[in-house]
Amino acid sequence: MRGLAPLLAVGVILLALAASRLGTYPVYLMSLAMINIIAAIGLNLLTGNSGQISLCHSSFIAIGAYGSALMTARFAIPFWLSIPAGAALSALIGALLGAPASRLRGIYLAVATLGFLQIVQIVIEEFADVTGGVRGLTIPKAEFLGVRVSDYGRFLIVLGCCAFAIWTARNLLASRVGRELDAVRLSPHAAQALGVSVRRVRLGAFALAAAYAGLAGGLLAIVVGFIDPVEFGVSASLRQITFIVVGGMGSVGGAVLGAAVLSALPEVLRPVKEYSDVIYTLILLAFLILMPHGLITVWRGAMRRLRLPATGAVAEARR
Amino acid sequence: MSELLAVSNLAVRFGGLVAVRDASFRIASGEIRGLIGPNGAGKTTVINAITGTVRASGEVLLDGRSIGGLAPHLISRCGIARTFQHVEPFDTLSVLDNILLGVGRHAPVPFAHAALATPLARSREREATREALDVLERFDLLPFRDARAADLPFGVQKRMDLARALAAKPKLLLMDEPTSGMSESEADRAIAAARELASSHRMTLLVVEHNMRVMMALADTVTVMQNGSVIAEGAPAAIQRNPVVVDAYLGEEAADAVD
Amino acid sequence: MSLTLALQLAIAGVSVGSIYALVALAIVIPFKASGVLNFGQGEIVTFGAYAALVLTQLALPYPLVVAGVIVLGAAGGIVIERLLIRPIVKAPEFTLVIATFAIGLLIKGMLSIRFGDSPNTIDGPFGSDPLVAAGLRFNPTSLWIFACTALVTIAVMLFLRTTRLGKAMRAVSVNPEAARLMGIRVESIYRWSWAISTAIGALAGLLFAPLIGINPEIGQLLLRGLLGAVIGGFTSIPGAVVGGLAVGLLETYSGVLVGSAFKNLVPFVLLMVLLVFRPQGLFGAAEVKRV
C-alpha cells in the first residue's frame, strides 16, 4: 500500500519523540497499548478476515511470552533472537491447532479453541518448575551487547515491532493473501471453485494469528518483566475479541483503533478496578448489539460517500 | 476434435437418496453442450460432482486425466471453472477484488513477499490488476469496479459471476442456470456473449438450463436427464422432437398443472 | 484396583457426573430449540450457588431454597433472553457465541463485586455423614444430587413428549418456519427454552455447592458440561445426560489412574479428539457442518 510506509515512519518518529519527553509510566502504558495492537492485528486476520472464531488467542500470547522468556532465562539467548523465536514457536503451535480446528465451524470451533485454552492453562500450571506455575515467572532484564536496555529502549523496540506488524498486515490484506482470507470467509464454495484451498488458507490464518500473538507475548515479557498466567485466561481472550469488535473486524485499521482506544481504559478505570471486567463485557455487549461493525464504520461511511463513480453506476444500472 | 470431458457411470447418493444414477456423456473440445431435464433430474448435482463439491462414484476424465476424487480447489486448477445458479459473489468485496480472485491463481504470490511488499509482490499485483481490469472491460463492468458486490443489481451480479469464472481462462466452463432471473433481452445478450466467448477463447461449455429457448439457441448438442439418469442426447432440433424427452417434460408440466 | 475402590470411585464419578449432566442438559435444551449455545451457562450455575447462599442465609427451609433458586434461575434466563439475546438472534454465529460468553463474564463480574472472592459454603440437605451399605460409603449429598438429576431428566423428557409446550418446542427445534406456520409462537418457545435451561443450571449450582463450595470460579465446569454435550451429540437430551455422567466417571477414574498433573488434561484432550474425529458424539446425527 503506497501511502502507508511513509505514514508509519512519520508516526514512529513522532511517537518516539513524544515518548522521550514523557515519564516512565505513560511510556509503559503506551508500550502495553502497542502490544495489544499487535495481538489484535493477529486476531483480526483470523476472525475478521478468515472468519474463524478463536477463544484462545491469549494462549498464543502466553506461548510467545513463556517461550521467549525461557529461551533467554535458560539458554541465554538475547531478546532480539528469543522474541522472534517465540513468535515462530507460537506460529508452529498455531498451525498444529489449525490443522484440526480449520475443519470445524461455528460453535464446534469455539468449543475446540476453548478446550485448547484450558489445555495451555493446565500445562502452564502443572509444569510449574519450568513455567513458575500460578506464581508466575520473573523475566531477566533485556540486554543488548551486555548493556541493560532502558525503559525508553524497550518502548522503541515495541514501537518498531508495532509498526512492522501494521505494515506487514496491511501488505498481506492488500495482496492475494488477504483476498483469499476474505474469500474463504465470504463464500468457501466460490473460493474453492476459483482454485483456493480453503483448508490451507484457514490453517495458515491460525498460524499467522499465532505469530502476531507470539510476538506480542515476547514483547509483553520484556516490558513487564513478569509473566502472570492469570493474564492468559478466558477473560483475556474475551478482551482481545472486544478490541477487534469495538474497532471493527476485517481491517488492520479497525484492530489498531479498537486496541488503542480500549487500552486507555484500565487507566481510566483505575479508581474502579473491580468493575473493569464488568465494564469490558458491557462495552462488548453494547457494540455487539448496537454497532457490530465497530468504530471503523464511521470512517468507512465517510469514505464510501466519496466513491461517487461506482455508486452512480449502480444507480444507473438499477433504472 | 478431441474429447475434453469424459464422464462415465457417474453416481451420487445423499444418504438414502440417489441424485444421480449412472450418468455417462462425453464432451468434445470446443463444444457447447446443454444439460437439460425436469426438476430433480440431477443436473446441478452432476455439475457439483464434476467440480468435486460432492462425492461421486464413477469416472471423470478431463483431457484424458482422471479428476474424480480430487479436492475441489485442485480440480479447479486443472482448468475447470463454474458459475452458480444462485450467484455466490464475495459480497463485501469490490467487483475488482472479485475478479482479482479469479485472475491471480496462475501466478500466486509467496507469503513472505506479500507480507514485505517486495518488488516481486508488487509487480505480480500490478499484472493481476491489469488482467482483471481487462476482464472488467470485456464484460462492461468497469463502471462498477469499486462497488461492493452485494450492492449490485442481480443481472450485473450474474455478469460478474461469469466474468470471475472466465478470468481464470478455464478449459471447461460449467454454467449452472446462467439466465435464471434474467429478462428475455438480458438472456439473449448473455447467450450471445457466451457463444462469442466459446469461439474466441476455444472454450468448452457445459450449460445447465431450464429455459428451452436459450438452450436451443445456444447448444451444439443437448444431453437430457431425468431422475438421475441420461435419457437422451443429440442435436437440439432432434431432442425437441424426441418423444422420450417430450414425455419427461410433459410429465413435469402435468404435475405442475395439477398443483 | 480392587472392586470396592472401583465401585467407590464410580459412586463419586456419578455424583460429579450428575452435575455435569445437568449442565449439559441446560446447554442442549436451548441449543436444540433455538440454535443458540449459551457459553455463559457456567456462570448461571455460579449464580444458582450464590442464590442458594443468600436464600439459606435468610434461614429459609431447604425446599423453599430449592424452589427459590429454580424460580430465580428461570427469571434470570427470561431477562437475559429478552434484553440481550433477542436483539441478536439473527446475527452471525460469532456474535451469539461472544455475546453469551460476555453475559457469563458479566454475571461472574457482578457476583464477584457483590460477594467478593472468598469462598463460601452451604450444607447439604441431609448432612454429610456417610451412609454405609454393601461395604460402600455413600455421601448423602451425592445421592441427593443423583436423585435430583434423574428426576430432572425424567421431567424434561416427559415434558417434551407429553405437554403441548414441550411438543411445540420439539417442533420448533426441527423446523422453526414450519412451526410458525402451524401457529406456534416461536419467540415464546425460545423464551421458555431459556428459562428452563437457566433454571436447571441454577439448580445445578445449588446442588453442587455443598460438594465444592461457593466461589466465582465455579463456572469453569462449563467445559465439562460442554464435553458431556458433545459426547452425547449436541442435540440429544438423553445423550447429554449420559455424556455428563461419562465425563464425571472419566474424571474420577483418571484422577486415580493418571495422576493429578494430567488428570485435568484428560477431559480437554478428549474434547479436542471428539470434535475432530466424531463431533456428533455417541448419539448425535452425523450432519455436523463442515466445508
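The values are calculated or read from the model by the stated rules, or taken from the named source; none is laboratory data. Just so we're clear, the structure is a prediction, and the values are computed from it rather than from any experiment. Quick reminder, even Gly has a Cβ in these numbers, built from the backbone with ideal geometry, and neighbours come from all protein chains shown. These accessible areas exclude ligands, DNA and RNA; they are computed on the full protein's heavy atoms, side chains included. Shrake-Rupley method; radii C 1.70, N 1.55, O 1.52, S 1.80 Å.
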Requested in this report: Mind listing whichever residues of the range C:52-76 are open to solvent by less than 10 Å² (accessible area, probe 1.4 Å) and either free of Cβ contacts under 8 Å to residues at least 12 places away in the same chain or over 14 Å from the mean Cα position of the chain (by Cα) (or both)?
Outcome: C:Ala52, C:Leu53, C:Val65, C:Val69
Report summary line: Exactly one of B:Ala187, B:Ala193, B:Ala167, B:Ala115 is modelled with pLDDT under 90, in contact with a Ser or Thr (Cβ under 6 Å, 6 or more places away or on another chain) and either on the phi > 0 side of the Ramachandran plot or of a type in the set (Gly, Ala, Ser) (or both), and that one is B:Ala187
**Report entry** Per-region count, the range C:256-275, residues over 25 Å from C:Gly233 (Cβ atoms), facing chain A (nearest Cβ under 9 Å) and aliphatic (A, V, I, L, M)
**Finding:** 1
Report task. Test B:Asp97 against the stated conditions and say whether it is open to solvent by 10 Å² or more (accessible area, probe 1.4 Å), at the interface with another protein chain (Cβ under 7 Å from one of its Cβ atoms) and not aliphatic (A, V, I, L, M). Result -> yes
Requested in this report: Given the conditions (1) open to solvent by less than 60 Å² (accessible area, probe 1.4 Å); (2) assigned to a helix (DSSP H, G or I); (3) more than 14 Å from chain A (Cβ to nearest Cβ), report the number of the one that C:Gly104 does not fulfil.
Outcome: (3)
Report summary line: For B:Val135, the lone unmet condition from (1) of a type in the set (Val, Ile, Thr); (2) closer than 22 Å to B:Ser183 by Cβ; (3) more than 9 Å from chain A (Cβ to nearest Cβ) is (2)
Query raised in the report: Mind checking whether some residue in the range B:78-90 is on the phi > 0 side of the Ramachandran plot, more than 7 Å from every other protein chain (Cβ to nearest Cβ) and of a type outside the set (A, V, I, L, M)?
Result: yes
Query raised in the report: Within the range C:221-249, can you find the residues that are farther than 24 Å from C:Val65 by Cα and open to solvent by 10 Å² or more (accessible area, probe 1.4 Å)?
Result: C:Arg224, C:Ile231, C:Thr235, C:Ser236, C:Ile237, C:Pro238, C:Val241, C:Val242, C:Leu245, C:Ala246, C:Leu249
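For the range B:156-172: of the residues being in contact with a Gly (Cβ under 6 Å, 6 or more places away or on another chain) and not in a helix (DSSP H, G or I), which is most open to solvent (accessible area, probe 1.4 Å)?
Residue satisfying both the conditions and the ranking: B:Lys171.
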Report summary line: Within the range C:107-153, of all residues that are surrounded by 13 or more Cβ atoms within 10 Å (Cβ to Cβ) and among the small types (Gly, Ala, Ser), the one nearest to C:Leu5 (Cα to Cα) is C:Ser142
Query - Lone qualifier among B:Glu177, B:Glu209 - being under 17 Å from the mean Cα position of the chain (by Cα), more than 15 Å from B:Ile32 (Cβ to Cβ), surrounded by 17 or more Cβ atoms within 10 Å (Cβ to Cβ) and modelled with pLDDT of 85 or more - result: B:Glu177
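Quick grid of which residues meet (1) within 30 Å of A:Gly133 (Cα to Cα); (2) at pLDDT 90 or above; (3) part of a helix (DSSP H, G or I):
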{"residue": "A:Ala210", "(1), (2), (3)": "yes, yes, yes"}
{"residue": "A:Leu219", "(1), (2), (3)": "yes, yes, yes"}
{"residue": "A:Val230", "(1), (2), (3)": "yes, no, yes"}
{"residue": "A:Ser235", "(1), (2), (3)": "yes, no, yes"}
{"residue": "A:Ser276", "(1), (2), (3)": "yes, no, yes"}
{"residue": "A:Ala286", "(1), (2), (3)": "no, yes, yes"}
{"residue": "A:Gly301", "(1), (2), (3)": "no, no, yes"}
{"residue": "A:Arg304", "(1), (2), (3)": "no, no, yes"}
{"residue": "A:Val314", "(1), (2), (3)": "no, no, yes"}
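Would you mind finding the one in B:Ala23, B:Ala41 that is over 15 Å from B:Met175 (Cα atoms), open to solvent by less than 10 Å² (accessible area, probe 1.4 Å) and not in a strand (DSSP E or B)?
Going through B:Ala23, B:Ala41 in turn, just one is over 15 Å from B:Met175 (Cα atoms), open to solvent by less than 10 Å² (accessible area, probe 1.4 Å) and not in a strand (DSSP E or B): B:Ala41.
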Report summary line: Within the range A:54-83, residues of a type in the set (A, V, I, L, M, F, W, C), crowded, with 24+ Cβ neighbours inside 10 Å and not in a helix (DSSP H, G or I) come out as A:Leu55, A:Cys56
Query raised in the report: Regarding C:Val273, is this residue surrounded by fewer than 21 Cβ atoms within 10 Å (Cβ to Cβ), modelled with pLDDT of 85 or more and among the hydrophobic types (A, V, I, L, M, F, W, C)?
Result: yes
Report task. For C:Val152, indicate whether it is over 24 Å from the mean Cα position of the chain (by Cα) and more than 30 Å from A:Ile53 (Cβ to Cβ). Result -> no
Requested in this report: Would you be able to say whether some residue in the range B:80-87 is touching a Gly at 6+ places or on another chain (Cβ under 8 Å) and not small (Gly, Ala, Ser)?
Outcome: no
Requested in this report: Inspect the range C:34-43 for any residue being in contact with a Pro (Cβ under 7 Å, 6 or more places away or on another chain) and at pLDDT below 90 and give the result as yes or no.
Outcome: yes
